[in-house]
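What follows is a short report on a single structure.
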Amino acid sequence: MEKRTFLYEGKAKRIYTTDDEDLVIIEYKDDATAFDGKKKGSIECKGIVNNRVSAVLFRRLEEHGIPTHMVKLVNGRQMLTKKLSIIPVEVVVRNKVAGSLAERLGLKEGTPLARPVLEFYYKSDELHDPMVNDYHILAMGWATAEQLEEMRTLAFRINQVLQPFFLERGLELVDFKLEFGLHKGRVILGDEISPDTCRLWDVSTGEKMDKDRFRRDLGKEREAYIEVLQRIEGGAQDV
Ligand code: TMP
Ligand code: ASP
């Protein structure tokens with residue numbers, strides 16, 4: 001499938017049309033941003049890592065009956081996907097306290113949770129992705145009650161598939177963010193699942209192996225991203 005015309009550029013991706021109006025090509029960039037685009041930088045190889053990690057995870061989820069937008073990898077940086085109309089809500093699942101939850105509730109990062117926590121955020125950089133709940137989503141018409149329930153159910157199932165998958169590779173899935181969209185009336189997992197959108201802590205050292213290295217200026221971002229890719233792909237493939 002050939003890339004046709006440029007459609008859209010986001011903070012970390014470019015989208016291109018293809019010959020098939022139902023399909024688009026997503027190209028992952030090395031650009032890194034944080035704090036709603038206020039902090040800017042780049043992590044060499046990030047685009048390749050995020051594309052390939054997402055591909056492995058999407059394939060695994062499909063094997064468990066979870067519909068994703070992935071059709072196939074085009075090359076290291078590009079993925080052919082179904083064209084979705086994105087639901088403007090980010091779905092965050094948390095297995096341990098970290099990040100904004102630690103701040104909001106004044107808890108120490110790493111505090112265990114008795115059960116996973118699910119949160120919704122409205123996708124808007126200008127408003128700093130405010131947290132919203134079911135009532136907001138339904139009142140604004142961002143999703144129907146059925147679509148909302150489907151997102152919730154899929155998000156918990158995705159957690160159940162991914163948590164053990166990462167653990168077998170020495171990584172603790174602390175929390176992650178998902179985006180869903182509609183394709184032919186069906187709720188489908190879109191966007192990416194990568195070290196940009198997950199918190200992954202090394203099981204033996206507790207080291208952060210994700211975008212927090214960039215957000216918090218911890219250094220060795222590239223090394224961490226490549227290490228995650230190699231663990232996920234199960235070998236020392238070239239990057
Ligand atoms: P948070 O603790 O900052 O709310 O982040 C929760 C999870 O969501 C974490 O794994 C990182 C991910 N995330 C994104 O993918 N995009 C974002 O814009 C933010 C703020 C978080
Ligand atoms: N979506 C956030 C931003 O650009 C990045 C993050 O913290 O993950 O700015």
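The values are calculated or read from the model by the stated rules, or taken from the named source; none is laboratory data. Predicted, not measured: the structure shown is a model, and the values here were computed from it. Cβ atoms come from the backbone with ideal geometry, glycine included; neighbour counts cover every protein chain shown.
Scan (1) modelled with pLDDT under 95; (2) closer than 28 Å to Ser100 by Cβ for the single condition Glu9 breaks and write down its number.
Going through (1) modelled with pLDDT under 95; (2) closer than 28 Å to Ser100 by Cβ one by one, Glu9 breaks only (1).
Is it the case that some residue within the range 212-221 is of a type in the set (Gly, Ala, Ser), more than 18 Å from Arg59 (Cα to Cα) and in contact (Cβ under 8 Å) with a residue 60 or more places away in the chain?
Within the range 212-221, not a single residue is of a type in the set (Gly, Ala, Ser), more than 18 Å from Arg59 (Cα to Cα) and in contact (Cβ under 8 Å) with a residue 60 or more places away in the chain.
Give me the pairs: first residue in the range 119-145 and farther than 17 Å from Gly99 by Cα and polar (S, T, N, Q), second residue surrounded by 12 or more Cβ atoms within 10 Å (Cβ to Cβ) and at pLDDT 95 or above, beta-carbon distance under 6 Å, and six or more apart or on different chains, which are they?
none
Filter the helices (runs of 4 or more DSSP H) completely within the range 135-239 down to those with at least 3 residues that are of a type in the set (Lys, Arg), within 16 Å of ligand 2 (Cβ to nearest atom) and more than 24 Å from Ile66 (Cα to Cα).
none
Can you give me the number of residues within the range 202-225 that are crowded, with 22+ Cβ neighbours inside 10 Å and either touching a His at 6+ places or on another chain (Cβ under 8 Å) or not charged (D, E, K, R) (or both)?
Final tally of qualifying residues: 4.
Taking the stated definitions as given, is Val89 at pLDDT 95 or above, over 16 Å from Val187 (Cα atoms) and either within 16 Å of ligand 2 (Cβ to nearest atom) or of a type in the set (A, V, I, L, M, F, W, C) (or both)?
Considered against the rule, which asks whether it is at pLDDT 95 or above, over 16 Å from Val187 (Cα atoms) and either within 16 Å of ligand 2 (Cβ to nearest atom) or of a type in the set (A, V, I, L, M, F, W, C) (or both), Val89 comes out as no.
Select from the range 32-47 the residues that are modelled with pLDDT under 95 and of a type outside the set (A, V, I, L, M, F, W, C) and write down the one among them that is farthest from Ser124 (Cα to Cα).
Lys38
Those residues that are more than 13 Å from ligand 2 (Cβ to nearest atom) and at positive phi, I need them from the range 34-48; list them, please.
Once the filter is applied, which keeps residues that are more than 13 Å from ligand 2 (Cβ to nearest atom) and at positive phi, the range 34-48 yields only Cys45.
Within the range 112-121, can one find any residue that is surrounded by 14 or more Cβ atoms within 10 Å (Cβ to Cβ), at pLDDT 95 or above and within 14 Å of ligand 2 (Cβ to nearest atom)?
yes
Please work out which residue is nearest to the chain's Cα centre (by Cα), limiting yourself to the range 122-155 and to residues that are aromatic (Phe, Trp, Tyr) and surrounded by 14 or more Cβ atoms within 10 Å (Cβ to Cβ).
Filtering the range 122-155 for residues that are aromatic (Phe, Trp, Tyr) and surrounded by 14 or more Cβ atoms within 10 Å (Cβ to Cβ), the one nearest to the chain's Cα centre (by Cα) comes out as Tyr122.
Only one of these is modelled with pLDDT of 95 or more and not in a strand (DSSP E or B): Leu61, Leu80, Leu73. Name it.
Leu61
Quick check: is even one residue across the range 199-206 away from ligand 1 (no atom under 12 Å from the Cβ), more than 14 Å from the chain's Cα centre (by Cα) and closer than 23 Å to Leu73 by Cβ?
No.
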